[in-house]
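Remarks on the structure that follows.
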Amino acid sequence: MTEKRRRVCLGAFAGAHGVKGDALLKTFTEAPQNIALYGSVETEDGARAFTLRFIRNAKPGFAIVGAPEIASREDADALKGVRIFVDRAALPNPDEDEFYLDDLVGLDAVDEEGARAGRVAAVHNFGAGDILELENIPGVKGARMIPFTSETVPTVDIGNGSVTILRAAIEDMDATADEDGAAAGRKDA
């Protein structure tokens, strides 16, 4: 059995720019110009590949790019909303004590005493910082959102496939859910 190919989303096309087939691209890279550093990118379904050429930064978080596979303004405009991916292996290895947020998805969550505390289902950022979505929490119905801070998540161990989450953070989310009738994020994180 072969291991499933892991890919990371680097960005999403946001429409055409100019008349020659250049495109505006929302980048999820640390710096917008990094969008073209990792080789060929492909659509989520793998049906199309693009060799991106960084042209310039646009507004924050956006880049203007060109690609030989995008021949016209109409081609670029038709890509609006299409997300692009690269093989995880094409990305540089993170430094010690660093990791890609995508690598957190699927990790087991344990509390500070080693008891099972669920599984990381997703990592979100709605503007106020990264949030881990935990699912399959023993004794808890539904998912919980936990602020991804060093206070609530003191240990990330990619090699062992786990994150340590303070039980108090999960209980705090349970108390908030009981008060509001739904899970909610902390205001002080």
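Computed from the coordinates by the stated procedures, all read-outs in this text should not be read as laboratory data. Model, not experiment: these values are computed from the prediction. No Cβ is skipped: glycine too gets one built from the backbone with ideal geometry, and neighbour counts run over all protein chains shown.
Listed values, structure above:
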item	result
Residues whose placed amide H lies under 5 Å from that of Phe62, excluding near-sequence neighbours	Thr27
Residue exposure sequence - Val123, Val41, Val153, Val19 - by fewest surrounding Cβ within 10 Å	Val19, Val123, Val153, Val41
Check: the chain dipole with +1 on Lys, Arg Cβ and -1 on Asp, Glu Cβ, in debye	1100 debye
Shape category assigned to the chain from the gyration tensor of Cα positions, a/c cut at 1.5	prolate
Net lengthening on full extension, Asn160/Ala47 (0.36 nm per residue, minus Cα-Cα)	37.3 nm
Computed over the range 101-180, Cα set: Rg, Dmax in Å	11.5, 37
Phi to ³J(HN,Hα) by Karplus 6.51 cos²θ - 1.76 cosθ + 1.60 over the range 97-103, Hz, x for Gly, Pro	6, 10, 6, 7, 4, 4, 5
Degrees separating the helix 167-180 axis from the principal Cα axis of the chain, which is the longest one	80 degrees
Highest average packing first - 131-140, 53-62, 7-16, Cβ atoms within 10 Å	7-16, 131-140, 53-62
For the range 58-129: span of alpha carbons on each principal axis (Å, largest first)	58, 26, 21
